[in-house]
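The values are calculated or read from the model by the stated rules, or taken from the named source; none is laboratory data. Quantities reported herein were computed from a predicted structural model and do not represent experimental measurements. Every residue, glycine as well, gets a Cβ built from its backbone with ideal geometry; the counts of neighbours run over all protein chains shown. Each accessible area value is taken on the protein alone, full model and side chains, heavy atoms only, with ligands, DNA and RNA left out. Shrake-Rupley method; radii C 1.70, N 1.55, O 1.52, S 1.80 Å.
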Amino acid sequence: MHTDVLEVDGLCKSFGGVKALRDLSFTIRQNEVLGLIGPNGSGKSTTVNMLSGAMPPTSGQLRLGGVRVEGLNQWDRVAMGLTRTYQTASVFPEFTVREHVMLGCEARRTVSPVAHAFRLRRNRAEDRQMQERVDQALELTGLTGDRDTIVGVLSAAQQRFLMIATALASSPRVILLDEPAAGMISHERETLAGMIGRIRDAGISVLVIEHHMALIMEVCDRIVVLNFGAPIAQGTPAEIRGNRAVIDAYLGEAV
Amino acid sequence: MTEILQQIINGIAIGGVYVLIALGLTIVFGILGIAHFAHGSVSMFGGYLTFFLAAQHGIPLALAITIALITGMVLGVLIELLAYRPVRHANHINAFIVALGLTMMVEGANLQFFGAEQIVIPTGATRVFSIGGVTLPELRLYVILAAAALIAAMTIFVEKTKTGQAIRAVAENRDAAILMGINVQMIPLVVFAISTALGVAAGVMVGSLFAIAPGVGEGLVVKGFAVLILGGLGSIPGAVVGGIVLGVTEALAAGFISSAYKDVIAFVVMIAVLLLRPQGLMGRA
């Protein structure tokens, strides 16, 4: 029995006369890693930008846990449990790793800044919860050992892991990973693959956009394939690998 | 020696005004990357409004200044919403053109509402203190104290409050700030409200220390940008140090060389600093 966490229903996006995305529908279930693949210009980034709220859809619906979110701002979606990472590491270099991940918790803080200063007990309880979330996010991303390191001195790959950890600290239900492996070398990709598995096992649904097919085939439970702004296939990695249309459009015979 | 000290004190007063103008420009630049040229003219509007309320309608000066500050905040919010937000995602040249157009509009509005006459805000602060041969007019002392208080308040706000930290986060990395749940559409409104209020405070200081007339605001904004470049673009400590350095240099130049050359010498110092430290005094390399 699966529960749908994020439902995408008939999503369309036009830029002037150009239809960047036509009628995309899929769902992300609980404890699922969903891959979104396709050639360059097929509409993957447009999709993730609409899911996160960076750009409004031309038409279509988006439901997070049954609640429609397509009209909400990005930060409101983060507060509801829909977060993302970016293709390049978007981090603040002068914090320590731990402080940085702590910032991610702020998205979910329920005690107002004024109450923060006065209502000590409730506030302490929330701070304790935040500490736990930070520890969990560090553990999931394998950064526990680097918790006191200054962000600026981390490697490029570690900064990307930190971006994931910071997003996880907002206790998301769904995390959108936009090309998380871009520029990574093979052992870093392996670390990432293990991380994505652990995130799913922690009960968080993952949508991953990626060009590295071995990684996609390894970590995804299901895959959606886009071509020229339209979905051409959905299915398990094995089904996608054998799908004629996908082979012709994107994978080629080698995979 | 006494004379040098005297000029330094004079310079600190005008430097405080430069700092307030530059702080307003630097937080706007830091968040939106906009060179907000209309800032000086808006500041002068604040000075004019204070004069209009206090001198022409007999409203107590403190109340008049408070009304001008609040009006300034509202005006700042409107400027962001109506002038800059629509060109937010467009090419930077568009915001540049909007800024120039806004400058002309505000200058025109000032002329229309308050006339072309030079005005001085009457403060009634006429006492002169003398400390070891250095004279310090009461008004100049108040300006220095008020500027110091505003600079301190601004620093505490930006460093210590959640909103201030959110402003810095957005300035540094808008995308990362969104992931922390920061409302990045609200931040520019707060920034413009604060920036314009600081500008109005500077306008009131100029109007009471010197005089306000058409064109004064435009001159002031040029000085403000000079301070930004001197101190380091987007840096708050840089605006404070740069403003004081520019004010004191001008005063020393006026006192020991010639007041006709004070601007020239101030800009020569700026060029010299930039030759040695292109990132500005407090800027990051």
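Structural remarks
- Yes/no for B:A254 being in a helix (DSSP H, G or I), more than 30 Å from A:V151 (Cα to Cα) and either within 14 Å of chain A (Cβ to nearest Cβ) or open to solvent by 20 Å² or more (accessible area, probe 1.4 Å) (or both): yes
- Residues within the stretch B:28-55 that are over 18 Å from B:V206 (Cα atoms) and in a helix (DSSP H, G or I), tallied: 5
- Checking each residue of the stretch B:3-19 against the condition of being acidic (D, E), farther than 19 Å from B:V206 by Cα and open to solvent by less than 10 Å² (accessible area, probe 1.4 Å) gives no match.
- Among residues of the stretch A:241-255 that are modelled with pLDDT under 80, those with a Cβ under 9 angstrom from a residue that is part of a loop (DSSP other than H, G, I, E, B), sequence gap 6+ or separate chain, pair up as A:L251/A:N243.
- Among (1) touching a strand residue (DSSP E or B) at 6+ places or on another chain (Cβ under 8 Å); (2) surrounded by fewer than 23 Cβ atoms within 10 Å (Cβ to Cβ); (3) closer than 25 Å to A:A249 by Cα - the single one A:G17 does not satisfy: (1)
- Test: residue in the stretch B:174-184 that is over 23 Å from B:V77 (Cβ atoms), within 14 Å of chain A (Cβ to nearest Cβ), acidic (D, E) and open to solvent by 20 Å² or more (accessible area, probe 1.4 Å): yes
- Taken together, the residues in the stretch B:1-60 that are within 19 Å of B:L102 (Cβ to Cβ), more than 16 Å from the chain's Cα centre (by Cα) and not small (G, A, S) amount to 3.
- Qualifying residues in the stretch A:146-171 (those that are assigned to a loop (DSSP other than H, G, I, E, B) and crowded, with 24+ Cβ neighbours inside 10 Å) - the one farthest from the other protein chains (Cβ to nearest Cβ): A:A169
- Selection status of A:V78, outside any helix (DSSP H, G or I) and within 14 Å of another protein chain (Cβ to nearest Cβ): no
- Note on the stretch A:192-219: residues that are open to solvent by 10 Å² or more (accessible area, probe 1.4 Å) and assigned to a loop (DSSP other than H, G, I, E, B) amount to 5.
- Any chance B:I8 is under 30 Å from B:G255 (Cβ atoms) and among the aliphatic types (A, V, I, L, M): yes
- Whichever residue in the stretch A:33-49 is in contact with an Asp or Glu (Cβ under 9 Å, 6 or more places away or on another chain) and open to solvent by 10 Å² or more (accessible area, probe 1.4 Å) and, among such residues, is nearest to A:T236 (Cα to Cα): A:K44
- Any hit, the stretch B:59-73, residues being more than 21 Å from B:L198 (Cα to Cα) and open to solvent by less than 70 Å² (accessible area, probe 1.4 Å): yes
- When the stretch A:81-115 is filtered for residues that are open to solvent by 60 Å² or more (accessible area, probe 1.4 Å) and either at pLDDT 90 or above or more than 8 Å from every other protein chain (Cβ to nearest Cβ) (or both), the ones remaining, listed by number, are A:Q87, A:T88, A:E94, A:F95, A:E99, A:T110, A:V114.
- Against the list (1) surrounded by fewer than 16 Cβ atoms within 10 Å (Cβ to Cβ); (2) of a type outside the set (A, V, I, L, M); (3) within 23 Å of B:I65 (Cβ to Cβ); (4) more than 14 Å from chain A (Cβ to nearest Cβ), the condition B:F157 fails is (4).
- Residue count, the stretch B:185-215 (criterion: under 14 Å from B:I70 (Cβ atoms) and either facing chain A (nearest Cβ under 9 Å) or free of Cβ contacts under 8 Å to residues at least 60 places away in the same chain (or both)): 0
- Of the candidates B:F29, B:F37, B:F51, B:F45, the single residue that is open to solvent by 30 Å² or more (accessible area, probe 1.4 Å), of a type outside the set (A, V, I, L, M) and touching a strand residue (DSSP E or B) at 6+ places or on another chain (Cβ under 7 Å) is B:F51.
- Among the residues of the stretch B:257-285, those identified as open to solvent by 60 Å² or more (accessible area, probe 1.4 Å) and either aromatic (F, W, Y) or assigned to a helix (DSSP H, G or I) (or both) are B:S259, B:A260, B:Y261, B:K262, B:D263, B:V264, B:F267, B:V268, B:I271, B:L275, B:L276.
- Selection count, the stretch B:33-82, where residues are of a type in the set (G, A, S), over 17 Å from B:L23 (Cα atoms) and touching a residue at least 40 places away in the same chain (Cβ under 8 Å): 4
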